[in-house]
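The structure under discussion appears below in the form of structure tokens.
The values are calculated or read from the model by the stated rules, or taken from the named source; none is laboratory data. Predicted model only: the values in this text are computed from it and were never measured. As a convention, Cβ positions derive from the backbone with ideal geometry for all residues, glycine included, and neighbour counts pool all protein chains shown. These accessible areas exclude ligands, DNA and RNA; they are computed on the full protein's heavy atoms, side chains included. Shrake-Rupley method; radii C 1.70, N 1.55, O 1.52, S 1.80 Å.
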Amino acid sequence: MKRFLFITLLLSVVWSLSAQDKVLAIRNNLLQEGNNSVLVVSHRADWRNAPENSLQAIKNCIEMGVDMVEIDLKKTKDGHLVLMHDKNIDRTTTGKGKPADYTLEELRKFRLRSGAGHRTAHVIPTFEEVMQLCKGKIMVNVDKGYDYFDEAYAILEKSGTAQQCIMKASLPYERVKAEHGDILRKMIFMPVIALDKEGAEDIIDGYMAHMKPVAYELVFSKDTPEIQRLIQKVRASGAKIFINSLWPELCGGHDDDRAVEQQQPDESWGWIIGQGAKLIQTDRPALLIEYLRKKGLHN
């Protein structure tokens, strides 16, 4: 019996170290220079096959070899951070109203809906539950969560997952520094730049001068010479590039549906890779991974 317990404990330790190695490898891939592989970011996790922002959707991503899941945060009446994209829970759950209208216990009485709008057995997860699930297995990109920056970071510290999470915002450096400067040096922060908007280059210059971010998320509705210039400016700074292929307005028309439904992956994902993108956020994670592996660009 003692030998059995020892072996069980040893296997548990080995598995834990192996899981930590996995997320460390993803993080190192992001931070390293000269690594040409592309990291796949799954939008609201695997929402086509499980409710968006659910534990099951995240588990699916881990199993298929996704590098990073994108999630969204809201706060309950009693101060818990939970996963929710919309301001209201109407679309994605069997309830109605805002997350802030309910305590966590009350929210747990509702059930998440599938992508087709049907009731499932899944409940709204907390941010802490998600980070415990993801610990050592997959990186996490918090999209709608800047309003809870300090509270989210406290959970990351508590769960020991600060090094595998990316926080982001569409704000100038000066504001982010003033509001959360003490945290910026402790984790990866990624500015989101809408390249189509006036003043985009000024925001880029502000970050380049004061912070030198690991990566920038670049959003653009058109593929123009000016957009190309700004993308290459960011690329030349040494920062990694994060591009969304979710729908045409985010990537100049080089989107997931063009890759899959129009069967033009080279004109969509291939074009994005050609811009120097290190991270591609997609609603088609399994198909993007397959495409990248055929190109020798994903492990």
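Of the two radii for segment 147-299, the radius of gyration is 0.99 times the Kirkwood radius, both from the alpha carbons; that is the Rg over Rh value. In the chain, the DSSP-assigned H stretches of four residues or longer account for a calculated mean residue ellipticity at 222 nm of -12500 deg cm²/dmol, using -39500 (n - 2.57) per stretch and the full residue count as denominator. Under the simplified labelling scheme, the Asp72-Arg119 pair shows an inter-label distance of 2.4 nm, with each label point 7 Å from Cα along Cα→Cβ. Computed about its Cα centre, the charge dipole of the chain is approximately 1060 debye, with only Lys, Arg, Asp and Glu carrying charge at their Cβ.
Normalised by residue count, segment 153-237 yields a Cα convex hull volume of 95 Å³ per residue.
Probe radius 1.4 Å, ligands and nucleic acids ignored: give me the carbon and sulfur share of the accessible area of segment 256-299 as a rounded percent. Carbon and sulfur atoms account for 42 percent of the accessible area of segment 256-299.
When the Gaussian network model of the chain links Cα atoms closer than 10 Å, the mean-square fluctuations of Phe149, Phe189, Phe127 top out at Phe149.
The residues of the chain expose, per residue, 48 Å² of accessible area to a 1.4 Å probe.
Just to be sure I understand, if you calculate Rg/Rh (Cα atoms, Kirkwood Rh) for this structure, which of [x] 1.06; [y] 0.98; [z] 0.94 do you get? Computing Rg/Rh (Cα atoms, Kirkwood Rh) and matching it to [x] 1.06; [y] 0.98; [z] 0.94 gives [y]. Using a probe radius of 1.4 angstrom, the carbon and sulfur fraction of the accessible surface of segment 118-222 is 49%. Within the assembled protein chains, the solvent-accessible surface assigned to Cys61 is about 0 Å², based on a 1.4 Å probe. Going by alpha carbons, how many degrees (0 to 90, nearest 10) lie between the helix axis of 200-210 and the longest principal axis of the chain? Computed tilt is about 70 degrees. A cut-off of 5 Å between modelled amide H atoms, ignoring neighbours fewer than 5 places along the same chain, links Leu171 with Val192. Taking 7 Å steps out from each Cα toward its Cβ at Asn28 and Asn49 produces label points 2.8 nm apart. For segment 19-105, the Cα gyration tensor yields ellipsoid semi-axes of 31, 14, 11 Å (square root of five times each eigenvalue, largest first, whole Å). Over the chain, Cα pairs under 8 Å with separation of 6+ residues give a relative contact order of 17 percent. Each label was represented as a point 7 Å from its Cα along the Cα-to-Cβ direction; for Glu106 and Asp182 these points are 3.2 nm apart. What FRET efficiency comes out for the pair Gln163/Lys197, r = Cβ-Cβ distance, R0 = 30 Å, nearest 0.05? That gives a FRET efficiency of 0.40.
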